[in-house]
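Student: Handing you this structure, nothing more for now.
The values are calculated or read from the model by the stated rules, or taken from the named source; none is laboratory data. These numbers were taken from a predicted model, which means no experiment stands behind them. Counting neighbours? That spans all protein chains shown, and the Cβs are built from the backbone with ideal geometry, glycine included. Ligands, DNA and RNA are excluded from the accessible area calculation, which covers all protein heavy atoms including side chains. Shrake-Rupley method; radii C 1.70, N 1.55, O 1.52, S 1.80 Å.
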Amino acid sequence: MENFVVSARKYRPATFNTVVGQAHITNTLKNAMKNNHLAQAFLFCGPRGVGKTTCARILAKTINCTSRTENTEACDTCESCLSFNSGQSLNVYELDAASNNSVDDIRSLIEQVRYAPQLGAYKVYVIDEVHMLSQAAFNAFLKTLEEPPKHAIFILATTEKHKIIPTILSRCQIFDFNRIRIEDIASHLAFIAKSEGVDAEIDALHIIAQKADGALRDACSIFDQIVSFAGNTVTYKAVIENLNILDYDYYFKVVDFLLKEDVTNILLLFNEILQNGFDGHNFINGLAQHLRNLLVSKDEATVELLEVGSNIKEKYKEQQRACSLHFLINALNICTKSDYQYKSSKNQRLLVELALLQIATANSLLAQQAEKKNDISEQKQASTPVSNTPQSPMPSIVPRVEEKKESTYDTQTLMSTTQPVLTGKLGLGSKTFSKSINSILNPEKKEEAAQTPSALIAEIKNEFTQEQLNTAWKDFAETIKDIKPSLYSTLSASLPVLQVNFLIEFSVVSQMQADDVFAIKEKMIEYLRNQLNNNIFRIETKVDNTIQEVKAYTNADKVKKMLEINPNVKKLIQDFDLDIGY
């Protein structure tokens, strides 16, 4: 029976051009050889299975090739290349530092370095898993690594760069290998499948690539396992069955039930998932990843971030149309909290079920809150006294804008609920970001969504005094005293100044305070509108460096001040050996 060779070895890259996903390293090495700028020592770092040892062998082979191609690749026809391919080259010496990590092993290596190569210009020493060398072995290797003979080149490979001492790092050119992209792994697996006569679905290869976690060697091993399980036809179903992976269809069904608020089917589907042997923790993490994919599918610019097959990508694009931005962000937040609390929970199944119920009922709760808020606003407007100013003998009436039946929430409600999560301290940039959110919420009516809700409300120009403004300002500060103490201090430190044309100026001492005020500006404006019966005023926050910020003095500051007033305090401290805590 013919010996079977695993795909990772059979299709191991033999030239720089066939190395997968490490173009930044292969191009650098080829240019170094072309310009005769080869270093004396290289350090290849990166996770497992990304091509460190493979690149080291290709470099060792290409260095001694006597007739390189125009692309700076080995010719595979000269005597040096043929001896390397047959494993008989005397110019390449490989050492496994995991099992040869003593001082004696390094001394033996140093003895061999002295001898020049019989064929070719260089002797290449590849030391794999170099971080396993002992401290004494590292020290014994330092001098040779710093000043090797002109014919010696060292290539060190490791998965744990942080364990290598700095004196070794300073003597090497360091190349950091990246995790290989899922698309690159899937393309390489498709090449292997075609070469082996295996009919493989693209979605199945993407699942294998995701399971490999950026390691091409792991992906090849999984591919061989699937071929042994399913034969020459590798399907998506065969892959998820063999690897015990939760199917995408489950997550699409879960989201459909969540959008319909179908609590019964949600719980039944989760019970089916558990009965199939899947863990609740993996399910909640997978759901969070699914929601993230729906979120990036909202925009054509970010849809390329989806690391899935073309068929699954189309399903994401279709389902995201039914998901609002607020729904996705709220659901992601709930999943993240459940992931954090899962291990410490006593009833883990109940924790996941509760998270699913919270996501499903979030829209209903939001609608109730919005309705309650509207009722409170109408009661306040009904109880507001009629202004006696000559300019407006009759009170202005705010017309109610009828909500569209096609959508449960309007853009203003969704913006008010998502803004604290998304904007943070974005400064002026948050206005642009709000416009992009509006365009996502209503892509078919971008111009209508970009209009501010205030454009639909009648202007209320009732006059108010500086004293009335001060009272309303202090009342608002009290409402956030327990929630945001630092912001309460900022608003209480100074009072706003009423300028002409209803311009309200508020001065702060730093840009950080200005950002904090900006974060709650919408809530502040809404509160002041109700208190002052005016909706055309403007609030501008400016940073005034002349304002002295209140400072809490330490013990050292107090003692320093006492010494300035009376120098005899120093003698008192010394005579009585006082401990003043500074």
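Student: Can you spot a residue in segment 73-92 that is open to solvent by 70 Å² or more (accessible area, probe 1.4 Å) and within 21 Å of PRO149 (Cα to Cα)?
Tutor: Yes, because at least one residue in segment 73-92 is open to solvent by 70 Å² or more (accessible area, probe 1.4 Å) and within 21 Å of PRO149 (Cα to Cα).
Student: Taking segment 1-39, which residues are open to solvent by less than 40 Å² (accessible area, probe 1.4 Å) and part of a helix (DSSP H, G or I)?
Tutor: Scanning segment 1-39 gives SER7, ALA8, PHE16, ILE25, THR26, LEU29, LYS30, ALA32, MET33.
Student: Could you list, ordered by first residue, the pairs with Cβ atoms under 7 Å in which the first is in segment 290-307 and under 11 Å from ARG321 (Cα atoms) and the second is assigned to a loop (DSSP other than H, G, I, E, B), at least 6 apart or interchain?
Tutor: Between residues of segment 290-307 that are under 11 Å from ARG321 (Cα atoms) and residues that are assigned to a loop (DSSP other than H, G, I, E, B), the close pairs are LEU294/CYS323; SER297/LEU306.
Condition check ((1) modelled with pLDDT of 90 or more; (2) assigned to a helix (DSSP H, G or I); (3) among the hydrophobic types (A, V, I, L, M, F, W, C)) across all residues:
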{"position": "ILE284", "(1), (2), (3)": "yes, yes, yes"}
{"position": "HIS290", "(1), (2), (3)": "yes, yes, no"}
{"position": "ASP299", "(1), (2), (3)": "no, no, no"}
{"position": "GLU307", "(1), (2), (3)": "no, no, no"}
{"position": "GLU314", "(1), (2), (3)": "no, yes, no"}
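Student: I'd like to check something: does segment 3-14 contain any residue that is more than 30 Å from GLY197 (Cβ to Cβ) and either more than 34 Å from the chain's Cα centre (by Cα) or of a type in the set (Ser, Thr, Tyr) (or both)? Give the steps one after another, and end with the answer.
Tutor: The first filter runs over segment 3-14 and keeps only residues more than 30 Å from GLY197 (Cβ to Cβ), leaving none.
Within segment 3-14, none of the residues are more than 30 Å from GLY197 (Cβ to Cβ) and either more than 34 Å from the chain's Cα centre (by Cα) or of a type in the set (Ser, Thr, Tyr) (or both).
Student: Identify, please: which residue in segment 343-370 is modelled with pLDDT under 90 and under 24 Å from the mean Cα position of the chain (by Cα) and is, among those, surrounded by the fewest Cβ atoms within 10 Å (Cβ to Cβ)?
Tutor: Per the criteria, the residue is LYS343.
Student: Do you know which residues across segment 472-496 are outside any helix (DSSP H, G or I) and surrounded by 13 or more Cβ atoms within 10 Å (Cβ to Cβ)? Spell out how you get there, then give the answer.
Tutor: Step one: filter segment 472-496 for residues outside any helix (DSSP H, G or I), giving 480-484, 494-496.
Answer for segment 472-496, where residues must be outside any helix (DSSP H, G or I) and surrounded by 13 or more Cβ atoms within 10 Å (Cβ to Cβ): ILE480, LYS481, LYS484, SER494, LEU495, PRO496.
Student: Conditions: (1) farther than 30 Å from PHE42 by Cα; (2) within 30 Å of the chain's Cα centre (by Cα); (3) free of Cβ contacts under 8 Å to residues at least 12 places away in the same chain. HIS162 meets all but one. Number of the miss?
Tutor: (1) is the only condition that HIS162 fails.
Let's see how each residue does on (1) open to solvent by less than 70 Å² (accessible area, probe 1.4 Å); (2) modelled with pLDDT of 90 or more; (3) in contact with a strand residue (DSSP E or B) (Cβ under 6 Å, 6 or more places away or on another chain); (4) more than 30 Å from SER83 (Cβ to Cβ):
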position	(1), (2), (3), (4)
LYS123	yes, no, yes, no
ASN139	no, no, no, yes
PRO148	yes, no, no, no
ILE168	yes, no, no, yes
ARG171	yes, no, yes, no
LYS211	no, no, no, yes
GLY214	yes, no, no, yes
PHE229	no, no, no, yes
ALA238	yes, no, no, yes
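Student: I've got another one for you. Please give the number of the condition PHE175 fails out of (1) closer than 29 Å to HIS326 by Cβ; (2) modelled with pLDDT of 90 or more; (3) under 31 Å from the mean Cα position of the chain (by Cα).
Tutor: The failed condition is (1).
Student: Condition test on ASP213, is it in contact (Cβ under 8 Å) with a residue 12 or more places away in the chain and charged (D, E, K, R)?
Tutor: Working: in contact (Cβ under 8 Å) with a residue 12 or more places away in the chain: yes; charged (D, E, K, R): yes.
Answer is yes for this residue.
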